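Have a look at the structure below, then the notes.
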Amino acid sequence: MIAVLLVLLALSTSGCCEVVWTVYDWGSKGNILKNPILVQHAPHGPRSKAVYKHSVEGTVVFEFRGGPGPAVLLTAGVHGDEVWTVIALLKLLDELDPASAVGTVYVIPAVNPEGLAANSRLVDGVDPNRVADVPGSLTWHLVRFALSHRVKYWLDMHCGSGVPRQGALLTDEKDELVDELARSSGFVLLVKSAPRGSIRSVARRLGIDVITLEVT
């Protein structure tokens, strides 16, 4: 289903010709293979292996560069104890065909390596998805990355409780794209205001269309 979301967001066509990755020091680093769930189910493609190796240095960002088109950002692992979306995005990262994207696709499967290594939701006792408006925080850097790279669409993936069994797409308001994503993926569409300080709240104020994916 995540592959379907990527196709819809990127409006896939041939043209992408380059894949690069970069490590960013946003204040979180760690050996994510210390996470017992991740190490048991971790994919072993070359791109995933690069994430495992270099997460001890910071947050690894893959960039699939295509021709003209929107910039799309896919993220998982903001909360270090939400491992299944990390695994799903790592698998997608390994399987993604560079020729299938138009524009630019950024993939960050392990936003918070320190939290993943510790299997912890919090960073220094703080929920990272409530401080995206605090300068210098991990998620503040993440939002600034999206802004500086002119991201138009952002899918932020989480594992949550209290969401429909088939998963949910959370958005502040309905539009044609969100409706199509919900129809094609089978996820329930929930129109719900984002909490203050969350990625979705802060990024949307800056003009970035953010959808939160929650799975059980």
Practice prompt. May I ask you to compute the full-extension gain from D133 to Y24, defined as 0.36 nm times their residue separation minus their alpha-carbon distance, rounded to one decimal in nm?
Written response: 37.4 nm
Practice prompt. Take the cross-link list K29/K192; K34/K152; K53/K91; K29/K174 and give me the ones stretching past 28 Å between alpha-carbons.
Written response: K29/K192; K34/K152; K29/K174
Discussion item. Helix check for the chain. Which DSSP H runs span at least 30 Å along their own axis by Cα, with a mean Kyte-Doolittle hydropathy no less than 1.6?
Written reply: none
Worksheet, complete the sentence: Once Lys and Arg are counted +1 and Asp and Glu -1 for all other residues with Cβ under 12 Å from that of T85, the total becomes -3
Response to the item:
Rg from C-alpha atoms of region 140-193, normalised by the globular rule of thumb 2.2 N^0.38 Å, equals 1.28
Practice prompt. Pull up the DSSP beta bridges for the chain and report the antiparallel fraction as a percent, rounded to 5.
Written response: 40 percent
Fill in: Where V56, V23 fall by accessible area, highest first, once all protein chains stay in place (1.4 Å)
V56, V23
Practice prompt. Determine how large the accessible area of Y153 is when every protein chain is in place; take a 1.4 Å probe and give Å² rounded to the nearest 10.
Written response: 50 Å²
Fill in: Under Karplus coefficients 6.51, -1.76 and 1.60, residue-wise ³J(HN,Hα) of region 99-115 in Hz, glycine/proline x
7, 9, 10, 10, x, 10, 10, 9, 10, 10, x, 9, 4, 10, x, 4, x
Practice prompt. Taking semi-axes √(5λ) of the Cα gyration tensor in Å as the quantity of interest, determine which of (1) 33, 17, 14; (2) 28, 20, 18; (3) 22, 21, 17 was computed from the displayed structure.
Written response: (3)
Fill in: Expected 222 nm ellipticity per residue - DSSP helices of 4 or more, -39500 (n - 2.57), all of the chain, to 500
-9000 deg cm²/dmol
Worksheet, complete the sentence: Net charge near H141 (other residues with Cβ under 13 Å of its Cβ; Lys, Arg +1; Asp, Glu -1) is 0
Worksheet, complete the sentence: Once normalised by the length of the chain, the mean sequence separation of its alpha carbon contacts under 8 Å that are 6 or more apart gives a contact order in percent of 23 percent
Item to complete: May I ask you to rank R47, R196, R183, R144 by accessible area, largest first, using a 1.4 Å probe over the protein chains only?
Response: R196, R183, R144, R47
Worksheet item: If you wrap a convex hull around the Cα atoms of region 64-179, how much volume per residue is inside, in Å³?
Response: 132 Å³
Worksheet entry | Whole-number accessible area per residue in Å² for the chain, which is evaluated in the context of all protein chains at 1.4 Å | 44 Å²
Item to complete: From zero up to wherever the largest Cα-Cα distance of region 76-132 sits, split into 10 Å bins and tell me the percent of pairs in each.
Response: 24, 43, 23, 9, 0
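The values are calculated or read from the model by the stated rules, or taken from the named source; none is laboratory data. Computed from a predicted structure; not experimentally measured. All Cβ positions, glycine included, derive from the backbone under ideal geometry; neighbour counts span all protein chains shown. Heads up: the accessible areas ignore ligands, DNA and RNA and are worked out on the full protein's heavy atoms, side chains in. Shrake-Rupley method; radii C 1.70, N 1.55, O 1.52, S 1.80 Å.
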